[in-house]
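The values are calculated or read from the model by the stated rules, or taken from the named source; none is laboratory data. Source: prediction; values computed, not measured. We place every Cβ from the backbone using ideal geometry, glycine too, and count neighbours over all the protein chains shown. Keep in mind that these areas ignore ligands, DNA and RNA; they rest on the heavy atoms of the full protein, side chains included. Shrake-Rupley method; radii C 1.70, N 1.55, O 1.52, S 1.80 Å.
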Amino acid sequence: MRINFDFSDLEAFLAVRDAGSFRLASDRLNLSQSAVTRRIQKLETALGSALFERTTRAVKPTLAAKRLQARAEAILEEVRETIQSMQDESVAFAHQRNAIVTVATIPTVIGSLLLPALHAFRNQGFNSRIRLMDLTANEVAESVAQGEADFGICSIPTLEPGTDFEALFEDAITLAAHPDHPLAQMERAHWKEIADETLILPARGTGNRLLIDEALAKVRRQLIWTFEVVRTTTALELAAERVGVALLPLSAAKSHAGKSLAFRPMTAPGITRQIGLLARIGEKNTEAVAAFKDALREVASR
């Protein structure tokens, strides 16, 4: 069955029913009297029943009108409650959205940079919820460019279009080994000394691997890897289990897995990467996002 009337027709009906007059109902609804009349006629046609007996002196509701009144009131009340509920949810969602800070980050800097900044952020009185997206450097850049994150923390040689990179500090590529390993007893490691080791390298295509390959190409040196992994956390676990020695950024030393390893600087050549904030050009920061970024800058400057 097709419904050929709407909520405004029911509102007009109730206004006429309560006022006992089309003129008074039109004043209440801020409509012309003819507009109210058309709405009542439309409702009567849809219901197949006359709703009012019109005389020169009064407008009297019919039996059909008396039966309709309670139902019309219930329908409109339900509509009002639904609208109010939806509006309340929209307000709550907007507040929730504004209160959430989404950060895309490479995992290696969580312990050394992000966590100290988070504590400082909290100490400033910010109670925003933090959504962390731990990703590879390329994925961080993509998530920021696509608007999935408010900003990113990463090291990447090339930027996504429409993004801007703000350098915070330099992070050296180091040798990570179990403390019992002979190389861990040295103050620093040379590339020739690790040539025969069981090497754990970042996967080809990752930012760290690109830095390593470019630096070694300049000195015409080549490394033969035994294990190739995408995530630094995996390399840390392998090195901690004495599977091999890994080439990892120094910032990984402050991660939970990194605390059990010895990190030694590499020389001839030394390799560093820049860690920084990645954001969309022209993006306006919320107060919470701006404060979190400032906390990161403060930690990086120490």
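Structural remarks
- Against the main long axis of the alpha-carbon atoms of the chain, helix 287-300 sits at an angle near 10°.
- Distance between the pseudo-spin-label points of residue 166 and residue 127 (7 Å out from Cα toward the beta carbon): 2.7 nm.
- In this structure the amide hydrogen of residue 272, modeled in the peptide plane, comes within under 5 Å of the amide hydrogens of 173, none closer than 5 places in sequence on its chain.
- DSSP bridge orientation in region 25-176 - percent antiparallel, rounded to nearest 5: 25
- Relative contact order %, region 1-84, counting alpha carbon pairs below 8 Å whose residues are six or more apart: 28
- Which label in [x] 151; [y] 131; [z] 217 gives the computed volume of the Cα convex hull per residue in Å³: [z]
- Relative contact order (%) - criterion: Cα under 8 Å, at least six apart; region: region 138-224: 21
- Solvent-accessible surface (1.4 angstrom probe) belonging to residue 3, in square angstrom, nearest 10: 120
- Candidate residues 60, 259, 284: accessible-area rank, largest first, probe 1.4 Å: 284, 259, 60
- Note that region 143-302 shows a convex hull volume over its alpha carbon atoms of 123 Å³ per residue.
- Compared with the direct C-alpha span, the chain from residue 214 to residue 46 gains 52.7 nm at full extension, assuming 0.36 nm per residue.
- Sites residue 226 and residue 185 - FRET efficiency at Förster radius 30 Å, r taken between beta-carbons, to 0.05: 0.90
- Taking 244, 20, 147 as the candidate residues, the one with maximal mean-square fluctuation in a Gaussian network model of the chain, Cα springs under 10 Å, is 20.
- Exposure of residue 297 as accessible area (Å², to 10), given a probe of 1.4 Å and all protein chains: 80
- For the chain, share of DSSP beta bridges that run antiparallel, in % to the nearest 5: 60
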